Amino acid sequence: AMVGEEVGGAAVRAAAAGSDAGAAVALTELLSDTEGRCSAARVMTVLLERGEQWTAAADAGAVPSLAAMLVPSGSGVGLSDGMHTAAGRTAAAECLAAIARLEGGGVAVSDSGAMHAAIELLEAGDSRLVVAALAIVSAAASSSAEARAIVDKSDALRKIVTHLSGDTDEVTIAAAAALDRVSRSDAGRVDVGVAGAVRPLVDVLQAGRSPAVHAAAASALESLALDRNNRQAIAAAGGVPALTAILASGDDGSRVAAGKVLTNLALEESTWGMMLAEGIVPLLAAMLGSGQTSAVRDAAAGAVENLALHPAAAKELALRSTALPALVDLLGSGSDLGSEAAAGALENLALHDELRAAVAAAGAVPPLVGMLGSGWGSEA
């Protein structure tokens with residue numbers, strides 16, 4: 001095995017330069033060496049985040065070695081006393097977080113026995129450890145039934161929720177991202193809702209946090225809002241005015257995220273009146289404009305598609321001089337997602353007898369017919 005600071009440093013430098021095809025094997029050997037393990041874990045993280053050598057690292061046994069580094073000294077588990085340092089645990093946790101984000105990585109982390117240690121790290125005082133633990137726990141829980149069972153028994157979701165009020169943007173964003181990842185399954189979004197995540201996420205939107213924090217919280221709410229109980233909870237917590245405020249003053253990233261939440265909230269008829277009262281229609285109409293980015297226009301079209309089922313909202317949209325032409329423009333110039341949402345919005349507007357002529361007058365028919373003739377949206 002390669003041991004010692006000098007040899008370890010050489011291996012680390014070779015791996016960082018990408019010059020050694022067997023770097024993952026050499027780095028894995030160093031994970032058991034007092035002198036080289038921290039540097040090895042750090043460089044392995046860089047390689048993995050570049051999408052390199054995951055298979056070689058897994059085959060070499062890197063994941064169990066990294067998991068052993070998480071266990072505190074004196075526990076009788078993992079590496080011997082003296083091998084555990086704060087720097088080593090942080091390096092191992094960040095490397096495991098990088099692995100957990102890879103395809104198959106969540107299962108590998110769960111199988112390594114790292115989950116219990118990672119859950120304990122959710123209550124660590126060091127923000128870097130907490131951020132890494134949030135990534136490990138959420139990725140493993142979303143890809144492994146065994147890891148999910150550990151999360152349920154340990155009340156880890158509630159621990160994650162507490163980090164939404166973190167002192168740093170990095171921790172809050174990581175907590176929101178963790179809840180978002182778990183919420184991408186039907187069962188997961190129910191459990192995250194039961195864990196009490198909705199109101200703290202809305203609180204984040206209402207607080208004077210950065211646009212990146214707002215976008216992360218909104219992304220989690222987007223996933224949660226696919227569940228009806230969560231939609232009702234978001235509305236009850238003041239989500240509609242909070243999201244409307246972001247549409248009015250957020251940056252493009254946070255506006256896109258907020259628009260996607262509103263798209264899902266608009267599936268709930270009880271939210272339509274709230275949206276109208278908050279003045280959401282003119283904001284969405286402005287977001288549809290050709291001067292906006294494709295992502296902003298797509299998000300607005302999705303919200304308009306569902307909101308257009310409401311007679312009063314549909315009438316207000318039709319009265320906006322720019323809304324119908326912008327939707328028609330999206331049919332031909334938008335992304336597939338935007339074109340589909342625009343077509344759905346025009347369809348829903350045309351369901352109202354008094355608006356059908358306005359939709360036709362805006363020039364919707366030729367591009368809609370053209371989409372049919374081109375085979376748009378058909379499966380290969």
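The values are calculated or read from the model by the stated rules, or taken from the named source; none is laboratory data. All of these numbers come straight from a predicted model, not from anything done at the bench. Cβ: placed from backbone, ideal geometry, glycine included. Neighbour counts: every protein chain shown. Areas reflect the complete protein model, heavy atoms only, side chains present, ligands, DNA and RNA absent. Shrake-Rupley method; radii C 1.70, N 1.55, O 1.52, S 1.80 Å.
Assorted remarks:
- Identity of the residue in segment 18-77, modelled with pLDDT of 85 or more and part of a loop (DSSP other than H, G, I, E, B), that ends up nearest to residue 93 (Cα to Cα): 31
- The residues in segment 116-155 that are in contact with a Ser or Thr (Cβ under 6 Å, 6 or more places away or on another chain) and either among the acidic types (Asp, Glu) or part of a helix (DSSP H, G or I) (or both) can be counted, and the count is 7.
- Matching residues, segment 155-176, being at pLDDT below 85 and either surrounded by 14 or more Cβ atoms within 10 Å (Cβ to Cβ) or touching a strand residue (DSSP E or B) at 6+ places or on another chain (Cβ under 9 Å) (or both): 166
- One residue stands out in segment 181-209 among those that are charged (D, E, K, R) and within 20 Å of residue 136 (Cα to Cα): the one that is most open to solvent (accessible area, probe 1.4 Å), namely 184.
- Scanning segment 210-262 for residues that are modelled with pLDDT of 95 or more, open to solvent by 30 Å² or more (accessible area, probe 1.4 Å) and among the polar types (S, T, N, Q) returns 219, 229, 232.
- Number of the exception - residue 290 against (1) surrounded by 22 or more Cβ atoms within 10 Å (Cβ to Cβ); (2) among the hydroxyl-bearing types (Ser, Thr, Tyr); (3) not in a helix (DSSP H, G or I): (1)
- Restricting segment 263-284 to residues that are outside any helix (DSSP H, G or I) and over 22 Å from the mean Cα position of the chain (by Cα), the residue that is surrounded by the fewest Cβ atoms within 10 Å (Cβ to Cβ): 279
- Candidate set: segment 342-373, residues that are small (Gly, Ala, Ser) and not in a helix (DSSP H, G or I); chosen: the one surrounded by the most Cβ atoms within 10 Å (Cβ to Cβ): 364
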